[in-house]
1. For Phe160, state whether it is under 19 Å from His46 (Cα atoms) and either modelled with pLDDT of 95 or more or in contact with a Leu (Cβ under 9 Å, 6 or more places away or on another chain) (or both).
2. Which one of Glu152, Glu107 is under 18 Å from His37 (Cβ atoms) and touching a residue at least 24 places away in the same chain (Cβ under 8 Å)?
3. Going through Leu147, Leu167 one at a time, which residue ends up being surrounded by 15 or more Cβ atoms within 10 Å (Cβ to Cβ), in contact (Cβ under 8 Å) with a residue 60 or more places away in the chain and within 22 Å of Ile47 (Cβ to Cβ)?
4. Taking region 110-144 as the region of interest, how many residues are within 22 Å of Glu32 (Cα to Cα), among the hydroxyl-bearing types (Ser, Thr, Tyr) and surrounded by fewer than 21 Cβ atoms within 10 Å (Cβ to Cβ)?
5. Consider Ser174 carefully, then state whether it is under 25 Å from Lys52 (Cα atoms), without any contact (Cβ under 8 Å) to a residue 40 or more places away in the chain and of a type in the set (S, T, N, Q).
6. Name the pairs whose Cβ atoms lie under 7 Å apart, with the first residue in region 66-94 and in contact (Cβ under 8 Å) with a residue 60 or more places away in the chain, the second assigned to a helix (DSSP H, G or I) and among the polar types (S, T, N, Q), and 6 or more positions between them or separate chains?
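The values are calculated or read from the model by the stated rules, or taken from the named source; none is laboratory data. Since this is a predicted model, take the numbers as computed values, not measurements. Please note: Cβ atoms are built from the backbone with ideal geometry, for glycine as well, and neighbour counts cover all protein chains shown.
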Amino acid sequence: MEEITVTSSFYAYLTRLRWIKRWGLKRNAHEENVMEHSWEVSVIAHILALIKNRYFNGNLDANAVATAALYHDITEVITGDLPTPIKYHSEEIRNAYKEIERQAEIELLNLLPSEIRDDFDMLICHGQMPEEQVKIIKAADKISAYLKCQAELKAGNLEFEVAAKQLALKIAESDQNEVIFFMQVFAPSCGLTLDGLMKTY
């Protein structure tokens with residue numbers, strides 16, 4: 001093997017996702033960081049893709065979807081987590097934040113060695129992803145947020161009451177059969193205690 005002379009801080013940035021807190025404007029009973037959220041979105045997106053393929057004639061690469069979902073919030077290591085109500089407060093703020101995200105995507109891509117940069121293009125740059133893949137990841141993101149809200153409500157934290165209702169409505173109105181399937185088959189047991197879970201099998 002030839003001597004390696006290039007160095008990259010790409011993964012050093014990724015490790016800092018654990019320090020980026022989500023839901024920063026709300027009081028949290030259970031704090032959540034971007035790293036753990038990314039894992040949850042990834043596993044939900046993976047199973048949504050499999051459900052779509054097996055039950056609803058989809059043709060998605062579930063592994064590619066899961067990998068892209070792992071990186072879906074990577075820019076927040078630069079931008080921080082901007083709460084949804086702020087991000088979509090006005091068209092001006094929404095457009096400005098999208099441009100900031102795009103610049104952060106470019107900065108992170110440029111940290112990678114040039115030989116593997118193209119491999120990350122569709123993982124990091126949302127504009128390069130297939131539309132169907134983006135739709136699955138966005139649905140998984142909503143489901144993850146809904147489950148977080150339910151956990152907070154169960155802990156007696158009414159700070160998440162409105163967000164929970166809004167997310168429940170958006171999910172119920174989804175035109176994605178795989179989302180409805182997930183919510184009917186997998187979501188109900190997420191609120192169980194360990195003892196409750198052990199009684200289900």
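1. No.
2. Testing whether each residue is under 18 Å from His37 (Cβ atoms) and touching a residue at least 24 places away in the same chain (Cβ under 8 Å) leaves just Glu152.
3. None of the others qualify; the one that does is Leu147.
4. Number satisfying all stated conditions: 0.
5. So Ser174 fits the description; yes.
6. Correct list of pairs: Ala68/Gln133; Ala69/Ser42; His72/Ser38.
Each row is one residue, and each column tells you yes or no for (1) under 25 Å from Tyr71 (Cβ atoms); (2) among the hydrophobic types (A, V, I, L, M, F, W, C); (3) assigned to a helix (DSSP H, G or I); (4) touching a Gly at 6+ places or on another chain (Cβ under 7 Å).
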position: Glu132; (1), (2), (3), (4): yes, no, yes, no
position: Lys138; (1), (2), (3), (4): yes, no, yes, no
position: Leu147; (1), (2), (3), (4): yes, yes, yes, no
position: Glu161; (1), (2), (3), (4): no, no, yes, no
position: Ile180; (1), (2), (3), (4): no, yes, yes, no
